[in-house]
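The values are calculated or read from the model by the stated rules, or taken from the named source; none is laboratory data. Because the structure is a prediction, the values reported are computed rather than measured. Note that we place each Cβ from the backbone using ideal geometry, even for glycine, and neighbour counts take in every protein chain shown. Heavy atoms of the whole protein, side chains included, go into the accessibility calculation; ligands, DNA and RNA do not. Shrake-Rupley method; radii C 1.70, N 1.55, O 1.52, S 1.80 Å.
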Amino acid sequence: MTVPPPVITMILKERVTFRTREQADEFADWLKDEGCKSRVSEVFSSSLEVLAKGTFDTIDNWCEYMSGQDEEKKEIYQLIKENNQNYIDVITMIIENRNTYGLLYTHDDLKASRSSVLARYYGLPDIEGNIRIPQYSSDIFKQEIFREFELTVIHAIIEDEGYVKENEEGYILATDKKPGDMITKTGVNMIADKPIPKYPGIEIIPGFLPEMQYEVSFSMPVYLNVDPQMLGDVLLELGISPDDIRQYLNNYTIKRNILTLLLKLVEKSGSVRNEELKDTFENFWETQTEEDGLKSKINISAVLLDKFTAELKRAGLISTKNNRMVPASEKSSRRR
């Protein structure tokens with residue numbers, strides 16, 4: 001009887017989903033430029049999102065009114081109102097801070113905001129010191145409120161409604177409307193379990209959204225060739241939301257750090273006994289991620305660590321000799 005080959009689960013295979021084929025192809029081309037093979041696949045997706053559309057001022061008045069009408073959802077309406085008012089305040093700050101030439105913010109300001117968002121979202125040791133945050137053109141973007149209401153998000157809101165236009169330096173205001181008169185769309189799924197009463201100036205837009213999306217899958221080499229900030233910057237520019245990037249990069253970064261340190265451990269020691277790999281790796285992690293006297297710890301099962309090493313072997317980056325993990329010879333290495 002022929003014994004079938006074992007099935008190997010590739011835990012380092014990554015998947016990023018885009019709304020358009022153009023975005024997926026652009027990402028795949030970028031990965032190719034970085035020496036990483038990828039594949040684009042079509043996937044079906046559906047979602048439900050309910051939006052309340054109106055001016056910022058109308059949203060504010062609506063929430064105030066509904067807080068007195070719906071006791072059960074009063075706190076939710078108040079939260080929507082508070083969030084809405086914060087957007088008005090932030091947009092007002094940006095408009096009032098216009099420089100002599102009417103510039104609201106520069107292209108570099110948007111890049112700095114993206115980098116700042118990604119840097120805050122890591123929550124993991126940046127082993128290679130790759131987080132670089134550009135300087136803002138104005139100190140207002142350093143204020144605490146921009147940690148919650150990022151310039152990149154504000155830009156997306158007002159650009160979508162045509163309130164700004166681009167020039168060589170950045171973006172200028174394209175309207176004389178006051179912030180409260182600007183139209184916004186607010187997500188209200190949390191109050192949409194029952195029909196929402198009509199209110200003047202508020203349009204409730206329920207949307208079932210069946211769509212074809214485009215998944216880009218890639219695996220091993222990207223962990224060696226692309227650092228998390230670079231990857232995050234590209235995803236943000238391609239329209240992936242900061243929250244989705246944060247969730248994705250948390251997993252991406254920890255796996256890449258495990259991979260990087262496994263390779264470093266084997267290369268530095270020359271060889272590591274298989275049965276001692278777990279303890280040796282956990283101790284090595286502490287020494288390599290220590291910063292300002294504080295050590296980062298990792299508790300990884302031997303089974304999971306075996307999966308990482310199995311894929312390193314498949315990629316030709318390490319090999320096994322006499323029950324020891326050893327660096328692969330240059331001749332057998334298949335990094336690309």
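At a glance:
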{"read-out": "Residue within the stretch 38-45 that is at pLDDT below 95 and within 30 Å of residue 83 (Cα to Cα) present", "value": "yes"}
{"read-out": "Check on residue 211, at pLDDT below 85, over 20 Å from the mean Cα position of the chain (by Cα) and not β-branched (Val, Ile, Thr)", "value": "yes"}
{"read-out": "Matching option when the condition is acidic (Asp, Glu) and within 12 Å of residue 186 (Cα to Cα), among 75, 49, 71, 64", "value": "49"}
{"read-out": "Residue 28 open to solvent by less than 80 Å² (accessible area, probe 1.4 Å), more than 17 Å from residue 236 (Cα to Cα) and modelled with pLDDT of 90 or more", "value": "no"}
{"read-out": "Filter pass, residue 246 being under 24 Å from the mean Cα position of the chain (by Cα) and open to solvent by 60 Å² or more (accessible area, probe 1.4 Å)", "value": "yes"}
{"read-out": "The stretch 218-243, residues that are open to solvent by 10 Å² or more (accessible area, probe 1.4 Å) and hydroxyl-bearing (Ser, Thr, Tyr)", "value": "219, 241"}
{"read-out": "Residue within the stretch 175-183 that is over 20 Å from residue 108 (Cα atoms) and modelled with pLDDT under 85 present", "value": "no"}
{"read-out": "Cross-chain or 6+ apart pairs with Cβ under 9 Å, the stretch 193-215 first and within 11 Å of residue 54 (Cβ to Cβ) and open to solvent by less than 70 Å² (accessible area, probe 1.4 Å), then hydrophobic (A, V, I, L, M, F, W, C) and in a strand (DSSP E or B)", "value": "199/52; 202/52; 204/50; 204/51; 204/52; 205/50; 205/51; 205/52"}
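Conditions (1) closer than 30 Å to residue 65 by Cβ; (2) touching a helix residue (DSSP H, G or I) at 6+ places or on another chain (Cβ under 6 Å); (3) outside the structural domain of residue 283 (by the TED database); (4) not acidic (Asp, Glu), marked per residue:
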residue	(1), (2), (3), (4)
183	yes, no, yes, yes
191	yes, yes, yes, yes
216	no, yes, yes, yes
226	no, no, yes, yes
238	no, yes, yes, yes
